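A.B. asks: Can you keep this structure in mind? I'll have questions shortly.
The values are calculated or read from the model by the stated rules, or taken from the named source; none is laboratory data. Keep in mind the model is a prediction, meaning the values are calculated, not measured. Positions of Cβ are generated from backbone atoms using ideal geometry, with glycine treated the same way; all protein chains shown enter the neighbour counts. In case anyone asks, the SASA skips ligands and DNA or RNA and just uses the protein heavy atoms, side chains included. Shrake-Rupley method; radii C 1.70, N 1.55, O 1.52, S 1.80 Å.
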Amino acid sequence: LQKILILLHVTLSVVVGKTLMILFPNAMKRYILKLGEKSRMNKNPKFSYENWGPTFFSFRYLLFVLKVKWKRLEDEAFEGHPAPNTPAVTLSGEVCHLLDFMKDNRPLILNFGSCT
């Protein structure tokens, strides 16, 4: 039932977004560029709006958003329940799962950081 609701919500969003892109292309371009500011996509001078902007509200966009949202249904964590076994990619590109790093009864600690 959750997947059907997500399908309906995302499909409606894509149809409305695509319609607005056709009816109001300049306003939607400003809106999409504003979204790009949040993710810093527009900060890369070699990656212009023409490279990524038109992909919003496309069929590939619909499939990607559905895949992400459906996958997140499985990744919910609840207090007192087992942790989700989320996929992770090592620096060498190998796909593994977080719980692969568990050893015996020791707690698994995830430390996120960034170096720029």
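A.B. asks: With every protein chain left in place and a probe of 1.4 Å, what is the accessible surface of Phe47, to the nearest 10 Å²?
C.D. replies: 80 Å²
A.B. asks: Once amide H atoms are built 1.01 Å from N in the peptide plane, which residues 5 or more positions from Ala88, or in another chain, come under 5 Å H to H?
C.D. replies: Amide H to amide H, under 5 Å and 5 or more residues apart or across chains, Ala88 pairs with Cys96, His97, Leu98.
A.B. asks: Got the relative contact order for segment 1-95 handy, in percent, Cα pairs under 8 Å and 6 or more residues apart? Please report the intermediate quantities before stating the final value.
C.D. replies: Details: 41 pairs, mean separation 26.3, N = 95.
Value for segment 1-95: 28 percent.
A.B. asks: Moving on to the next point. So for segment 1-74, considering every pair of alpha-carbon atoms, how many percent are separated by more than 19 Å?
C.D. replies: Working: 1156 of 2701 pairs.
The calculated P(r) of segment 1-74 puts 43 percent of pairs beyond 19 Å.
A.B. asks: Of Gln2, Ala83, Asn26, whose Cα points farthest to the positive end of the dipole of the chain (charges on the beta-carbon: +1 Lys, Arg; -1 Asp, Glu; origin at the Cα centre)?
C.D. replies: Value: Asn26.
A.B. asks: Using unit Cβ charges (K, R positive; D, E negative) and no other charged atoms, how large, in debye to the nearest 20, is the dipole of segment 1-74 about its Cα centre?
C.D. replies: Working: 14 positive and 3 negative charges, 44 e Å.
Result for segment 1-74 is approximately 220 debye, rounded to the nearest 20.
A.B. asks: May I pose another question? Quick one: angle between helix 25-39 and the longest Cα principal axis of the chain, in degrees between 0 and 90, rounded to 10, please.
C.D. replies: Approximately 20 degrees, to the nearest 10.
A.B. asks: Here is a follow-up. Taking the chain as the reference, fit the longest principal axis to its C-alpha atoms, fit the long axis of helix 2-23 to the helix C-alpha atoms, and give the angle between the two in degrees, 0 to 90, nearest 10.
C.D. replies: 30 degrees
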